[in-house]
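Enquirer: Quick one: the structure is below, and I'll ask about it shortly.
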Amino acid sequence: RLLTGRVASPTLAAQIAALLKQYPAAGWHQWEPLSRDAVAAGATLAFGKPVETLPDFTKADIVLGIESDAIAHAPGHLAHARAFASRRAGTMSRVYAIEATPTLFGASADHRFALKPAEIELALRAIAARVGAGPAEWSGGDRPAWIDAAADDLAAHKGAALVHAGAEQTPAIHALAHAINAALAAPVRIIEPVASPAPGLAALAADMQAGKVDTLLILGANPVYDAPADLDFAVALSRVKLSVQLATHVDETAQKATYHVPALHPFEEWGDARAFDGTASLVQPQIRPLVPGHGAAELIALAVGAQSVDARALVRRTWHDDAGWDEWLRQGVIPNTAAPDAAVKLRADFAASLPKPAAAPSGIVVLLRPDPFIRDGSQANNGWLQELPRPLTRLTWDNAALIAPKTAKRLGLDTGDVVALAQAVEAPALILPGQAEDCVTLSLGYGRAAIGRIGAGVGTDAGKLRRADALWQVGTTPHPTGEHRVLALTQHQQNMAGRDLVRTRPLAEIGERKETVEASLYPPRHHDGNAWAMTIDLGTCIGCGACTAACQAENNIPVVGREQVLRERSMHWIRVDRYWGGAPDHPEILFQPVPCMHCEDAPCEVVCPVGATVHDSDGLNVMVYNRCVGTRFCSNNCPYKVRRFNFYGYTERDNRPAMSWNPDVTVRGRGVMEKCTYCIQRIRETKIAADRDDRPIRDGEIVTACQQACPTRAIVFGDINDPRSEVTQKKASPLDYTLLEELNTRPRTSYAARVTNRNPAIAEG
């Protein structure tokens, strides 16, 4: 038997087909811990066959998300996030979200409703019935008024309204979403599946337990760790005579297999892949292999008896060694390879085929969700991702049982109190506003036993709660254990305490910009050359944290570990603050990226005794590392708290290969202050190139790391001395403001207030 994850590589799919042809008694199984089987099952309920959908957010005036993962981790989520944000910044769309646990989509919504899983399906059924697509009306008691208001809003925008459901939702919810989209003529493409389906893990495990499998080849999967607990995959694997696993690490499955074959990292091998819309791309190695290894297609080729294996030759053979090969490599994609539209329509018996709503379970429901960064646990050994604060909780180096304030009060729990969810599954509680009552959310991907020194033993293995027929939610009766665990949170102030740090403004109240000039004790500064500045649009920022991760990679920022985060010594040069507004049960969720403000009248400079923090000729507030003597006066005097002190020799203890450091940025030692520099190395590189060509720097030519990584283009950087630059135009907006402007520090970094487009027919939510 062959066990793989989802196969989107045409070359690997062709190799597997050849293997199955040569060995007719063989079988191919697929397993993805972040399964999208419910999506396929929902499509089958709606259309009679599995298909995939591509929502076009650029054409949607009204969007309803059902715990949507469209801008977080669904296939194509980066493209969807950019399209989604473009409508929030332009002719503004209106967004509704229904969810049991807060998501990035819900945080961006104009109206967000926290419902239990059983209530979500009832609400969607009522919406479907009202727009002429559903089989049943609301049957859950008193019907909330917002259901009719949201449904009427969708119906009033036929052709420009769409519904998107997250992968963790039930097949019935996905089917209802398809039915509503069909009734609304939604801007959604329906395409044939990008990847070939294969039997799942349950069938394989049953045959292994029965002794029907003598040889098992596992490509890249780790089922001993992430298979549903009721399959007892480790026990089943022990009954297979010969098992071979191809993986980049000696993980939990490798320890149980007969043989482990080291896999090449994806950056080290030739291959191909299909994108979320089916478009094929050629994958070229970015670096030479650090250690010897093999690719999946190579291993399959050897299994079918190939005398010699060349991954590049295998890929070229898939694409018939076409004369366009070189051009495809340059472009990165192969044109005209997108998946065709699927010729399907809603089943005539859709209403009758839809299963009846399941009875609401008694007690507490545990929602199992992928971690925002380490996902299913495959990235658990990545220190950057472990230390990157989770968008909604600001938690690092752990997972926690997210619980609503009212539920926590009823159970007598506070943040950090350890709660037992099942036998051998205990996790610290974290009270999360916006969580549905009687629902506990626990992230997957933690509790790894074999992953490496960074990720081993971090957090709780929530996968022990999963069952083959219940991957995303299980019923439980949690109870406090009496223990307490301090969580490594990077933010402790959860609200703005009456200050207007994150400003919001209704769409109808955007007026003209009001210029104000504050008196200052400092003389005005003038920069005749370039004057670099930044704007951050809080209306399009989705709080994903990509800016923080990109800054860390670009600027050689060290990982400090859980203990130092607990001491509030995290080193990130740009953080993303998250604030709650309104009532705890139905809060407004607000994000604000905070880099150095690069103040014109910088409070840090006047207190530095050695002139280590100064203004340069472009008006940047820079740090001269070899002057810094570590007094930390500058940090004490910074009202924005964006300066970071290197308490330990983190980089000296970091056993990393030299190629992993950015050679254009100084690697700082212990005892110096560091902070955002607007990626001064990129500014200098571009200046040198412009001087060499005897030309001015073009607007948009300099792109900071945070700006480059932002999927929604919320960050704009440029020269405010150029009246035609994008950053100058952004700062002229009536939405533009500076953080703590009453301090009159005159920051170069400013923000665009978040704009909301609420439905006047809905009072709150």
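The values are calculated or read from the model by the stated rules, or taken from the named source; none is laboratory data. Note that the coordinates shown come from a computational prediction; the quantities given were computed from them, not determined experimentally. Glycine also receives a Cβ, built like all others from the backbone with ideal geometry; neighbour counts cover every protein chain displayed. Side chains included, ligands, DNA and RNA excluded: accessible areas come from the protein's heavy atoms. Shrake-Rupley method; radii C 1.70, N 1.55, O 1.52, S 1.80 Å.
Enquirer: For the range 1-115, what is the relative contact order in percent, using Cα pairs closer than 8 Å and at least 6 residues apart in sequence?
Expert: Answer for the range 1-115 is 19 percent.
Enquirer: Need the full-extension length gain, residue 586 to residue 360, defined as separation in residues times 0.36 nm minus the C-alpha distance. One decimal, nm.
Expert: Taking 0.36 nm per residue and subtracting the Cα distance, the gain is 79.2 nm.
Enquirer: What FRET efficiency do you get for residue 703 and residue 312 if R0 is 30 Å and r is their Cβ-Cβ distance, rounded to the nearest 0.05?
Expert: On the way: r = 32 Å, r/R0 = 1.07.
Working from the Cβ atoms, E equals 0.40.
Enquirer: With a probe of 1.4 Å, find how much accessible area the range 194-277 has per residue, and write the answer as a whole number in Å².
Expert: On a per-residue basis, the range 194-277 sits at 45 Å².
Enquirer: Within the accessible area of the chain, what % is carbon and sulfur when the probe is 1.4 Å and the other protein chains stay in place?
Expert: Looking at the chain in its full context, I get 52 percent from C and S.
Enquirer: Could you give me the ³J(HN,Hα) list for the range 226-234, computed from phi with Karplus coefficients 6.51, -1.76, 1.60 and θ = phi - 60°, whole Hz, x at Gly and Pro?
Expert: After applying 6.51 cos²θ - 1.76 cosθ + 1.60, I find 10, 5, x, 4, 6, 7, 6, 5, 4 Hz.
Enquirer: So what is the calculated 222 nm ellipticity per residue for the chain, using -39500 (n - 2.57) for each DSSP H run with n of 4 or more, over all residues, to the nearest 500 deg cm²/dmol?
Expert: Rounded to the nearest 500, it is -6500 deg cm²/dmol.
Enquirer: Mind giving me the FRET efficiency for residue 426 and residue 241? R0 is 30 Å, r the Cβ-Cβ distance, nearest 0.05 is fine.
Expert: The calculated FRET efficiency here is 0.20.
Enquirer: Evaluate E = 1/(1 + (r/R0)^6) for residue 635 and residue 379, where r is the Cβ-Cβ distance and R0 equals 25 Å; express this FRET efficiency to the nearest 0.05.
Expert: With R0 = 25 Å, the Cβ-Cβ based efficiency is 0.20.
Enquirer: Amide H neighbours of residue 577 under 5 Å, counting only residues 5+ apart in sequence or on other chains, H built in-plane at 1.01 Å?
Expert: Residues meeting the amide H criterion: 592, 594.
Enquirer: Moving on to the next point. Out of every Cα-Cα pair in the chain, what percent are more than 53 Å apart?
Expert: Result: 12 percent of Cα pairs exceed 53 Å.
Enquirer: Sticking to Cα atoms, compute the Rg of the range 555-633 to one decimal and its Dmax as the biggest Cα-Cα distance, whole number, in Å.
Expert: Every Cα atom of the range 555-633 included, Rg and Dmax give 16.8, 50 Å.
Enquirer: Please work out how much length the chain gains when fully extended from residue 477 to residue 330, using 0.36 nm per residue of separation minus the C-alpha to C-alpha distance, in nm with one decimal.
Expert: 47.3 nm
Enquirer: For the range 10-158, what is the accessible area per residue in Å², given a 1.4 Å probe and the full set of protein chains?
Expert: Normalised by residue count, the accessible surface of the range 10-158 is 35 Å².
Enquirer: In nm, to one decimal, how far is the residue 526 label point from the residue 148 one, both placed 7 Å along Cα→Cβ?
Expert: For the pair residue 526/residue 148, the computed spacing is 6.6 nm.
Enquirer: Quick one: of the DSSP bridges fully inside the chain, what percent are antiparallel, nearest 5?
Expert: Taking every DSSP beta bridge with both residues in the chain, the antiparallel ones total about 50 percent.
Enquirer: Now a separate question. Peptides 466-473, 285-292: what's the order by average Cβ count within 10 Å, highest mean first? Numbers along the way, then the final one.
Expert: Working: 466-473: 16.5, 285-292: 10.5.
The densest-packed peptide leads the list: 466-473, 285-292.
Enquirer: Quick one: which residues, 5 or more positions from residue 432 or on another chain, have an amide H under 5 Å from its amide H? H modelled 1.01 Å from N in the peptide plane, none for Pro or chain starts.
Expert: So residue 432 has HN proximity to 403, 404.
Enquirer: Once Lys and Arg get +1 and Asp and Glu get -1 on their Cβ, which of 444, 334, 714 lies farthest toward the positive end of the dipole of the chain?
Expert: My answer, from the dipole projection, is 444.
Enquirer: Per 0.36 nm of contour for each residue apart, how much would the distance between residue 665 and residue 685 grow if the chain were fully extended, relative to their Cα-Cα spacing?
Expert: Fully extending the segment from residue 665 to residue 685 adds 6.0 nm.
Enquirer: With the cut-off at 1.5 for a/c, could you classify the range 652-744 from its C-alpha gyration tensor as rounded, prolate or oblate?
Expert: oblate
Enquirer: Going by average Cβ neighbours within 10 Å, how do the peptides 152-163, 228-239 rank, with the highest at the top?
Expert: Working: 152-163: 19.9, 228-239: 17.8.
Packing proxy ranking, top to bottom: 152-163, 228-239.
Enquirer: Given labels modelled 7 Å from the Cα in the Cβ direction, how far is it in nm from residue 234 to residue 507?
Expert: 5.4 nm
Enquirer: Over the range 616-742, what relative contact order in percent results from Cα pairs under 8 Å that are six or more residues apart?
Expert: 18 percent
Enquirer: While we're here: Using alpha-carbon positions, what is the distance between the centroids of the range 424-465 and the range 220-256, in Å?
Expert: If you average the Cα positions of each part, the centres end up 21 Å apart.
Enquirer: Looking at the range 225-352, what % of its DSSP beta bridges pair antiparallel, to the nearest 5? Mind dumping the intermediate values first?
Expert: Working: 6 of 11 bridges.
Around 55 percent antiparallel, to the nearest 5.
Enquirer: Does the range 365-447 come out rounded, prolate or oblate, given a ≥ b ≥ c as the square roots of the eigenvalues of its C-alpha gyration tensor, rounded meaning a/c under 1.5 and, failing that, prolate meaning a/b above b/c?
Expert: Numbers: a/c = 2.04, a/b = 1.66, b/c = 1.22.
Prolate shape, in that a/c is at least 1.5 and a/b is the bigger ratio.
Enquirer: Okay, next question. Under the definition of Cα pairs under 8 Å and six or more residues apart, what whole-number percent is the relative contact order of the range 211-256?
Expert: This gives 52 percent for the range 211-256.
Enquirer: Of 212/241; 59/730; 116/356; 212/256; 116/158, which ones are farther than 20 Å apart at the Cα? List each step's numbers first, then the result.
Expert: Values: 212/241 10 Å; 59/730 24 Å; 116/356 17 Å; 212/256 18 Å; 116/158 28 Å.
Distance filter (> 20 Å) returns 59/730; 116/158.
Enquirer: A further question on this structure: Return the tail of the calculated pair distribution for the range 23-172, meaning the percent of Cα-Cα pairs more than 20 Å apart.
Expert: That tail contains 51 percent of the Cα-Cα pairs.
Enquirer: If pairing requires two Cys Cβ atoms under 4.7 Å apart, which cysteines of the chain are left without a partner?
Expert: Taking the Cβ cut-off of 4.7 Å, the unpaired cysteines of the chain are 439, 541, 544, 551, 599, 608, 628, 638, 679, 710.
Enquirer: Now for a different question. Using only protein heavy atoms and a 1.4 Å probe, report how much of residue 489 is accessible, in Å² to the nearest 10.
Expert: Here the accessible area works out near 30 Å².
Enquirer: Given a 1.4 Å probe, how much area per residue of the range 540-606 is accessible, in Å²?
Expert: Working: 1820 Å² over 67 residues.
With all protein chains present, the range 540-606 gives 27 Å² per residue.
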